[in-house]
Amino acid sequence: MKKIKVIEVSSDTNIGGAGKCLITLLENFDYGNFDVSVILPCGSLLKSSIEGLGVKVSEVDGIADKSLDLSAVRALYEIFRREKPDVVHTHASMSARIAAKFSGAKVVYTRHSVFPPSRRISRGIGKLLNGMVNNYFADRIIAVAQAAKENLIETGIKDDKIDVILNGVEGLTPVSVDEKRVIRERFDLPDPCRAVSIVARLEDIKGHEYFIDAANILLRRGHKLRFYIAGTGSYEKVLREKVKAIRREEQIIFTGFIRDVDKLMQITDVQVNASYGTEATSLALLEGMSLGIPAVVSDFGGNPGVICDGVNGFVVPTKNAGLIADKVEELLNNDALYRVMSVQSKRIFEEKFTARVMTKKTEDVYRKSVYKEDI
């Protein structure tokens, strides 16, 4: 059987969650059965990482950080007509979906986010038109969480077109005691303090303010803790001012962007995800689970598909700092409970969230698209 030729298309100029998922796929594809190349916008930060894997990259103007640009459709169409891929897999690029459809390729589209759809496309004629367009310009649609699939169906997309494939990551390897000591010094984590971390873009919908409020509650209760906020974003100034106002700058630490966030994971005792506006499958939660780190998360989006309440962490209602604090405290005060949840975190990660599991399921979607049969 000949190789299935696939072109991956990303519109990302920065390396976000969708970009990391693309890199993980490229690291794990079965290249004996798939011929894979990538199209990126000019100047994308993803380029060097992807070329470092030995994967061919083409650059196209007009697709940078946007879904639809009619000027880019023709350029993409010319590439697809020349390269003759069996499958074009798009990551948030309607331009590529249109060009691929008209070139004769099978179109796979991944929905990487979860957020409530607007009434404009989830009601009446708007839902009908949105469904018609998206059903036509995609042979298969991958949703990265059950909540993402539900969002898609709400906007008129056919249930039987959608495959739910949870994000996967390469598991982290625990470091030695000596290495951990060096990392603790780097992040100014003195003994006997324990670490609670949130790794997410600094945007209002990610719920950092509730993380800060929960941190303040726990510190007022006398816990010896450090709280780490990893990432950057448009809400950073507001959050820093909030921490300053409660005089917790020494205990609530902004790390900024850190490329080696895995180092922070090595010293983290509990992770928190407090999103209330958009969340699919948090890659940071998965990396933490691979090390056996339990988490306290909001019940929004894909979080309940990653953290099972009472099994590998706790799920609490959105915008509830008090419950976040209570559940973090419960984990840190109960060593037996913590050990059980740590073991369960590792087990669930190995069963559901490894990079190879995600890649194998994605490869099956390509086969399903090309051969018109269930795998």
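The values are calculated or read from the model by the stated rules, or taken from the named source; none is laboratory data. This structure is a prediction, so every number in the text was calculated from the model and none was measured. Heads up, the Cβs are rebuilt from the backbone with ideal geometry, glycines too, and the neighbour counts pull from every protein chain shown.
The C-beta contact set for the range 174-196 (first residue under 18 Å from ILE253 (Cβ atoms), second residue surrounded by 10 or more Cβ atoms within 10 Å (Cβ to Cβ) and of a type in the set (Phe, Trp, Tyr), distance under 9 angstrom, 6+ apart or interchain) comprises PHE187/TYR228; LEU189/TYR228; ALA195/PHE187; ALA195/PHE227; ALA195/TYR228; VAL196/PHE211; VAL196/PHE227; VAL196/TYR228.
For the range 15-38, the candidate set comprises residues that are over 20 Å from the mean Cα position of the chain (by Cα) and within 18 Å of THR90 (Cα to Cα); within that set, the residue that is surrounded by the most Cβ atoms within 10 Å (Cβ to Cβ) is VAL36.
Of all residues in the range 235-263, those satisfying the criterion of being assigned to a loop (DSSP other than H, G, I, E, B) and more than 20 Å from the chain's Cα centre (by Cα) are ILE246, ARG247, ARG248, GLU249, GLU250, GLN251.
For TYR109, state whether it is assigned by TED's automatic domain parsing to the domain that holds ASN33 and loosely packed, with under 14 Cβ neighbours inside 10 Å. No; evaluated as a whole, the condition is false for this residue. Of the numbered criteria (1) crowded, with 18+ Cβ neighbours inside 10 Å; (2) touching a residue at least 24 places away in the same chain (Cβ under 8 Å), the one ILE162 fails is (2).
Summed over the range 61-97, residues that are of a type in the set (Val, Ile, Thr), over 18 Å from VAL370 (Cα atoms) and in contact with a helix residue (DSSP H, G or I) (Cβ under 6 Å, 6 or more places away or on another chain) total 2. Within the range 320-341, identify whether any single residue is assigned by TED's automatic domain parsing to the domain that holds ARG220, within 21 Å of VAL199 (Cα to Cα) and not in a helix (DSSP H, G or I), and answer yes or no. The answer is yes, given that some residue of the range 320-341 is assigned by TED's automatic domain parsing to the domain that holds ARG220, within 21 Å of VAL199 (Cα to Cα) and not in a helix (DSSP H, G or I).
Whether a residue is among the hydrophobic types (A, V, I, L, M, F, W, C), in contact with a helix residue (DSSP H, G or I) (Cβ under 6 Å, 6 or more places away or on another chain) and assigned to a helix (DSSP H, G or I) was assessed, and MET289 passes this test.
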